[in-house]
Amino acid sequence: MSTRSMIVRIVKGEQKDRMAFKGVYHHWDGYPSWLGAELYHAIKNDFHGDLSAFLKYAIDDHPAGWSSFIVRCPDTQIKQHDKTVTAFGPDDQHCFCHGWRSEEACAVDGTEDNGMEYGYAFDEASGEMLILDRVYHSGEFQGKHAIGAFGCGPSDDKAGWKVIHRFNLATDPAPNWDKLG
């Protein structure tokens with residue numbers, strides 16, 4: 001089963017009374033202990049701490065979003081059981097916009113109810129990464145994690161985004177991803 005999420009930039013002054021985002025949808029394994037850690041390691045290792053370059057790749061260069069985020073390009077060679085194999089071939093696309101998928105751009109801003117449970121928001125100006133959890137704002141489940149399924153979950157007046165961890169990518173240590181979700 002998928003854990004849907006979003007990879008977004010924080011944009012200033014776009015929405016009243018809430019943080020504003022612009023970015024892309026991510027389908028599989030969006031929980032912090034997988035996707036949060038993967039994004040963090042991509043920024044630190046593959047993009048050498050360059051948040052702007054990472055956001056260009058993750059959002060601008062992949063406007064239809066991700067089935068499963070991956071930095072390694074197709075045809076990456078890896079060692080497996082004493083032989084070299086192709087990790088990701090040309091038919092193993094992880095984004096929705098390149099290769100055989102070729103889907104239209106599908107921007108998200110965090111206001112839609114398309115079943116996203118987690119969000120990864122980046123502030124280019126401050127260099128911060130925010131891990132967001134979609135939670136119920138009212139009713140018997142107030143404050144609890146909100147799980148939806150493409151319009152069948154809590155409506156926007158019942159649920160919204162809560163920052164569960166915020167840290168500076170350049171100066172703060174990585175969070176304990178397993179404790180975040």
Query raised in the report: Across the stretch 141-155, what is the total count of residues that are surrounded by fewer than 12 Cβ atoms within 10 Å (Cβ to Cβ) and either among the charged types (D, E, K, R) or modelled with pLDDT under 70 (or both)?
Result: 4
Requested in this report: Mind listing just one residue for me: the one in the stretch 69-87 that is in contact with a strand residue (DSSP E or B) (Cβ under 9 Å, 6 or more places away or on another chain) and buried (at least 17 other Cβ atoms within 10 Å of the Cβ) and, of those, modelled with the highest pLDDT?
Outcome: Phe69
Report summary line: Residue hits (the stretch 130-147; out of contact with any helix residue (DSSP H, G or I) (no Cβ under 7 Å at 6 or more places or on another chain) and either among the hydroxyl-bearing types (Ser, Thr, Tyr) or not in a loop (DSSP other than H, G, I, E, B) (or both)) are Leu130, Leu132, Asp133, Arg134, Val135, Tyr136, Ser138, His145
Query - Residue within the stretch 88-103 that is modelled with pLDDT of 70 or more, assigned to a strand (DSSP E or B) and closer than 24 Å to Ala37 by Cα present - result: yes
**Report entry** Residue within the stretch 50-65 that is at pLDDT 65 or above, in a loop (DSSP other than H, G, I, E, B) and over 22 Å from Glu103 (Cβ atoms) present
**Finding:** yes
Report task. Identify, from the list Gly23, Gly30, the residue that is under 14 Å from Tyr118 (Cα atoms), touching a residue at least 60 places away in the same chain (Cβ under 8 Å) and assigned to a loop (DSSP other than H, G, I, E, B). Result -> Gly30
Query - Leading residue by the ranking (surrounded by the most Cβ atoms within 10 Å (Cβ to Cβ)) among those in the stretch 160-174 that are in contact with a helix residue (DSSP H, G or I) (Cβ under 8 Å, 6 or more places away or on another chain) and assigned to a loop (DSSP other than H, G, I, E, B) - result: Leu169
Query raised in the report: What is the one condition in (1) of a type in the set (Lys, Arg); (2) modelled with pLDDT of 65 or more; (3) more than 20 Å from His165 (Cβ to Cβ) that Arg9 does not satisfy?
Result: (3)
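The values are calculated or read from the model by the stated rules, or taken from the named source; none is laboratory data. From a predicted model like this one, the values you see are computed outputs, not experimental measurements. Note that we place each Cβ from the backbone using ideal geometry, even for glycine, and neighbour counts take in every protein chain shown.
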